[in-house]
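Data first, discussion second: the structure below is written as structure tokens.
The values are calculated or read from the model by the stated rules, or taken from the named source; none is laboratory data. What you are looking at is a predicted structure, and each value in this text was computed from that prediction instead of being measured. As a convention, Cβ positions derive from the backbone with ideal geometry for all residues, glycine included, and neighbour counts pool all protein chains shown.
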Amino acid sequence: MKILVLNGPNIGRLGTREPDVYGYATYDDLIDVCQKAASKLNVSVDVRQTDTEGRMLAWLHEATDERYPVVLNPAAWTHYSIAVRDACAALSAPLVEIHLTNVHTREEFRRMSVISPVAAGVICGLGLAGYELALQWLATVKQREPREHGGVLSLVDPSN
Ligand code: DQA
């Protein structure tokens with residue numbers, strides 16, 4: 001099973017980008033966390049980053065065609081890109097939206113995500129550990145529908 005881990009604009013600058021907000025972990029550290037988690041979970045991951053919206057859309061279309069689950073940090077696109085949202089809405093396997101920081105404790109404009117309504121779940125504020133948690137969840141829900149809320153359902157239905 002393959003999971004795509006897709007990162008939007010400026011995530012490649014981690015480590016030097018506003019370290020007071022994003023910390024000193026680098027993008028290479030992010031790749032490392034994902035690869036280590038994947039090998040523990042016995043899945044393969046493909047970790048990518050782009051500052052170009054068209055490229056991100058092509059990767060999301062690829063995920064749809066190949067039925068890959070996706071971990072997506074849409075970065076700034078989170079807050080305004082209907083094109084990224086529409087591509088996410090068409091995914092054929094579950095999507096986890098992720099943010100390194102707790103967007104709800106930051107500027108007002110970061111509280112609104114156009115992606116969340118089409119994601120199975122959202123993790124924010126846990127730094128790189130969030131990527132590991134997202135991969136863990138996706139690795140165990142591979143048979144589910146794109147927006148089925150596995151965590152919530154499993155609380156009420158022990159057969160899940
Ligand atoms: C971010 C939060 C976004 O608001 C911001 O534009 C980013 C990173 C995060 O990971 O915390 O670039 O997605």
Considering only region 5-50, state which residues are part of a helix (DSSP H, G or I), surrounded by fewer than 14 Cβ atoms within 10 Å (Cβ to Cβ) and within 14 Å of the ligand (Cβ to nearest atom).
-> PRO19, ASP20, VAL21
Pairs under 9 Å by beta carbon, first residue within 17 Å of ALA76 (Cα to Cα) in region 16-27, partner assigned to a loop (DSSP other than H, G, I, E, B) and small (Gly, Ala, Ser), six or more apart or different chains?
-> TYR22/GLY15; TYR22/GLY127; TYR27/GLY15
Just checking, how many residues over region 66-97 are under 16 Å from ALA139 (Cα atoms) and either under 12 Å from the mean Cα position of the chain (by Cα) or within 11 Å of the ligand (Cβ to nearest atom) (or both)?
-> 8
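For region 46-65, enumerate the residues that are among the β-branched types (Val, Ile, Thr) and under 12 Å from the mean Cα position of the chain (by Cα).
VAL47
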Please indicate, with yes or no, whether at least one residue in region 147-159 is more than 18 Å from TYR68 (Cβ to Cβ), at pLDDT 80 or above and part of a loop (DSSP other than H, G, I, E, B).
-> no
